[in-house]
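Before I ask anything, let me first share the structure, which is written out below as structure tokens.
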Amino acid sequence: MNRVVHPIEQESYRRLRARLDTSHLPPLTRAVVERVVHSAADLDYATDLVTDEDDLIRAHAALHAGAPVVVDVEMVGAGITRRETVCRLKDAVAGPGLTRSAHGVRLAYEQVGPGALWVIGNAPTALEELLALDASPALVVGLPVGFVGAVESKEALRASGLPAVSNVSEKGGSAVAAAALNALLYHPISPKETP
């Protein structure tokens with residue numbers, strides 16, 4: 001089913017592209033960059049985001065083949081359209097050396113197992129916990145926000161070698177994390193990817 005794009009969104013993208021040339025980017029990278037920039041009205045994401053087209057191609061195929069989508073907080077899940085998500089934060093409890101967000105990641109991994117797409121837009125400790133697990137993700141959208149732990153957790157994600165979308169700065173958050181995943185959801189499936 002094709003997504004109907006509202007005229008306001010069409011005009012917003014026209015204005016975005018008038019201010020930011022993304023035509024040199026590979027297709028899925030371009031989709032992610034543009035949707036993240038659009039979601040935050042922040043052109044700096046064009047140089048702040050770190051992506052890999054091959055990772056995005058494999059993640060896109062996994063997503064459209066039905067791989068589970070796990071989010072760290074319900075705000076991220078609320079922003080992901082056209083797809084159910086798993087969020088176990090409500091069931092999680094903090095303990096010694098374990099934040100509630102980190103426990104939520106453990107519970108979600110117990111539920112979905114390997115091969116999921118993980119979308120972390122809030123808690124650096126959720127991303128740190130995911131990196132400590134042997135989760136074998138299809139993709140990690142690691143865009144937690146904040147001045148404590150966000151930059152470090154994203155650096156650790158990039159150093160891990162896992163397929164990922166991240167950014168270099170403290171910026172991030174639920175809206176941009178959801179936008180990165182939505183870019184993959186909205187992008188058409190190519191004939192060679194058809195599940």
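Could you give the dipole magnitude of the range 1-65 about its Cα centre, charging the beta-carbon of Lys and Arg +1 and that of Asp and Glu -1, in debye to the nearest 20?
340
Add +1 for every Lys or Arg and -1 for every Asp or Glu among the other residues with Cβ under 11 Å from the Cβ of V73, and state the total.
+1
Express the carbon and sulfur contribution to the solvent-accessible surface of the chain as a percent, rounded to the nearest whole number, probe 1.4 angstrom.
Roughly 55 percent of what the probe reaches on the chain is carbon or sulfur.
If you count the DSSP beta bridges with both ends in the chain, what percent of them are antiparallel, to the nearest 5?
Close to 20 percent.
Please work out how much length the chain gains when fully extended from T22 to H64, using 0.36 nm per residue of separation minus the C-alpha to C-alpha distance, in nm with one decimal.
Going from the current span to full extension adds 12.7 nm.
Measuring with a 1.4 Å probe in the full set of protein chains, what accessible area per residue, in whole Å², belongs to the range 1-108?
Accessible surface, normalised per residue, equals 56 Å².
Just need the relative contact order of the range 59-99 here, percent rounded to a whole number, with Cα pairs under 8 Å and 6+ apart.
Relative contact order here is 33 percent.
If you don't mind, there's one more thing I want to ask. Have a look at V141, V4, T47 and report the one farthest towards the positive end of the charge dipole of the chain, computed about the Cα centre with Cβ charges (Lys/Arg +1, Asp/Glu -1).
Checked the options; the winner is V4.
Whose amide H sits under 5 Å from the amide H of N167, counting only residues 5 or more places off or on another chain, with H placed in the peptide plane?
Long-range HN contacts for N167: V50.
So for the pair E11, S160, with labels modelled 7 Å out along Cα→Cβ, what separation do we get in nm?
For the pair E11/S160, the computed spacing is 4.1 nm.
Taking the simple approach of a point 7 Å from Cα along Cα-to-Cβ for both L43 and K90, what is their distance in nm?
Once both label points are built, they end up 4.2 nm from each other.
The values are calculated or read from the model by the stated rules, or taken from the named source; none is laboratory data. A quick note: this is a predicted structure, and the numbers were derived from the prediction, not measured. Here the Cβ is made from the backbone with ideal geometry for all residues, glycine too, and neighbour counts use every protein chain on show. For the accessible areas, the whole protein counts, side chains as well, though only heavy atoms, and no ligand, DNA or RNA atoms are used. Shrake-Rupley method; radii C 1.70, N 1.55, O 1.52, S 1.80 Å.
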